[in-house]
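Q: Just dropping this structure here.
The values are calculated or read from the model by the stated rules, or taken from the named source; none is laboratory data. Quick caveat: nothing in here was measured; it's all calculated off a predicted structure. Glycine gets a Cβ as well: all are built from the backbone with ideal geometry, and neighbour counts include every protein chain shown. Side chains included, ligands, DNA and RNA excluded: accessible areas come from the protein's heavy atoms. Shrake-Rupley method; radii C 1.70, N 1.55, O 1.52, S 1.80 Å.
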Amino acid sequence: MAADNTSSVTEFILAGLTNQPGLQLPLFFLFLGFYMVTVLGNLGLITLIGLNSHLHTPMYFFLFNLSFIDFSYSSAIIPKMLMSFVSKKNIISYTGCMTQLFFFCFFVVSECFILSAMAYDRYVAICKPLLYMVTMSPQVCLFLLVGVYGMGALAALAHTGNILFLTFCADNLVNHYMCDILPLLELSCNSSYMNNLVVFAVVAIDIGVPIVAIFLSYGFILSSIFHISSTEGRSKAFSTCGSHMIAVCLFFGSGIFAYLKPPSAVPLDQGKVCTVFYTIVVPMLNPLIYSLRNKDVKLAMKKTLGRITFS
């Protein structure tokens, strides 16, 4: 029976990260550890920001949402990925595959735009400090957040709609550990130049627009920093941007390598490694980057632990 009018496939088999039996169990425990650190780190940061009033500022409002996005899209991918290490056939239904694809695209694109919103926040804080609370008012922050999730939803609809129009005939083995765009395009028996063009155009916009916004923000920030006369002032300005720049380089670097090259230039097995980096490693590292380098977060952690110990 068909999953819909265009496809004869009702379920897919996810090939997983590797087909080497000796690596399955070690990789299961490795990625289970990654996922536990991701969940604890991001939910911990969300809790700290929620409980400590001195962190109720625009910067931490965006960091709160970054942690929510990281937690959400790693949770949409890793539990199913772990199944591929311990089961002979990791089966996902056609509907489940399209649902995973939608939420993966939604949260990944939302992360692109939340990082650009955070760059704009740092630009206002450093270049227009006296107008910061007026420029980054609650209304402006909410407007930026609606834009972040709005762009995520549009991209997810575009990518999922593009895949839904494809036909999947006999072969249902997806050469990946999740339902990603490029492996599904390769598996389809009627994917065309136009389908690939849609993917490239949407990805170029969703990576290109945030990168331009981030580069412009940091161009103005660097110009402003070089006009600061004191060494201490420059050091403080650089430290407020350091964590964000590390997160940006890790996320966009791996994303660009995975998607903005012709499929022939990057074999799918290499693409899988890139995907591991920005879907699993980056969401795990973000809370560590922001907490280990941030005095306010360390202070909030001490206060919260102090309250728990006292009670």
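Q: Where Lys and Arg each count +1 and Asp and Glu each count -1, what net charge lies around H54 among other residues with Cβ under 13 Å from its Cβ?
A: Numbers: positive: K295, K298, K302, K303; negative: D296.
Around H54, the surrounding residues sum to +3.
Q: Now, a different point. Using the Karplus curve 6.51 cos²θ - 1.76 cosθ + 1.60 with θ = phi - 60°, what ³J(HN,Hα) values do you get for each residue of segment 203-215, in whole Hz, with x for Gly and Pro?
A: Per residue, the Karplus-derived 3J(HN,Hα) values read 5, 4, 5, 6, 9, x, 4, x, 5, 4, 4, 5, 5 Hz.
Q: In Å², and per residue, what accessible area does segment 11-310 have when probed at 1.4 Å with the other protein chains present?
A: In whole numbers, segment 11-310 has 48 Å² accessible per residue.
Q: Return one number: the angle in degrees, 0 to 90 and rounded to the nearest 10, between the long axis of the Cα atoms of helix 138-164 and the longest principal axis of the Cα atoms of the chain.
A: 10
Q: Using only the alpha-carbon atoms, how far is helix 282-292 inclined from the longest principal axis of the chain? Give it as 0 to 90 degrees, nearest 10.
A: 10
Q: If you count, for each residue, the other Cβ atoms within 10 Å and average over each peptide, how do 213-223, 23-33, 279-289 line up from highest to lowest?
A: 279-289, 213-223, 23-33
Q: Moving on to the next point. May I ask you to evaluate 6.51 cos²θ - 1.76 cosθ + 1.60, the Karplus curve with θ = phi - 60°, for each residue of segment 89-101 and list the ³J(HN,Hα) values in order in whole Hz, giving x for glycine and proline?
A: 10, 8, 8, 10, 5, 4, 5, x, 5, 5, 5, 4, 4
Q: So what's the back-of-envelope 222 nm ellipticity for the chain, counting only DSSP H runs of four-plus at -39500 (n - 2.57) apiece and dividing by all residues, rounded to 500?
A: On the way: 11 runs with 231 residues, N = 311.
Helix-only estimate at 222 nm: -25500 deg cm²/dmol.
Q: Find the relative contact order for the chain and round it to a whole percent, using C-alpha pairs within less than 8 Å whose residues are 6+ positions apart.
A: Values: 372 pairs, mean separation 84.0, N = 311.
Relative contact order here is 27 percent.
Q: Taking θ = phi - 60°, what integer Hz values does the Karplus form 6.51 cos²θ - 1.76 cosθ + 1.60 yield along segment 185-195, in sequence order, with x for Gly and Pro?
A: 4, 5, 6, 5, 9, 9, 5, 10, 4, 5, 4
Q: Highest GNM mean-square fluctuation, the chain, Cα pairs closer than 10 Å: which of P210, P138, P21?
A: P21
Q: OK, next. Looking only at Cβ-Cβ distances, which cysteines of the chain have no other cysteine closer than 4.7 Å?
A: So far as the 4.7 Å Cβ criterion goes, C105, C112, C127, C141, C241, C249, C274 stand without a partner in the chain.
Q: In the chain, carbon and sulfur make up what percent of the accessible area (probe 1.4 Å)? Please list the in-between numbers first.
A: Numbers: 10910 of 15110 Å².
Taking all protein chains in place, the chain shows 72 percent carbon and sulfur surface.
Q: Say the dipole of segment 11-310 comes from +1 at the beta carbon of Lys and Arg and -1 at that of Asp and Glu; which of H176, L45, S74 then lies farthest toward its positive end?
A: Projecting each Cα onto the dipole axis, the largest value belongs to L45.
Q: Shifting gears a bit: Going by the alpha-carbon gyration tensor, a ≥ b ≥ c the square roots of its eigenvalues, is segment 104-151 rounded (a/c under 1.5) or, if a/c is not under 1.5, prolate (a/b greater than b/c) versus oblate?
A: Cα axes put segment 104-151 in the oblate bin.
Q: From the square roots a ≥ b ≥ c of the eigenvalues of the alpha-carbon gyration tensor of segment 1-85, which class results: rounded (a/c under 1.5), prolate (a/b over b/c), or oblate? It would help to have the intermediate numbers written out before the result.
A: Values: a/c = 4.78, a/b = 1.70, b/c = 2.81.
Verdict is oblate for segment 1-85.
Q: Return the long-range amide H neighbours of E11 (sequence gap of 5 or more, or a different chain), with a cut-off of under 5 Å between placed amide H atoms.
A: The answer is Y94.
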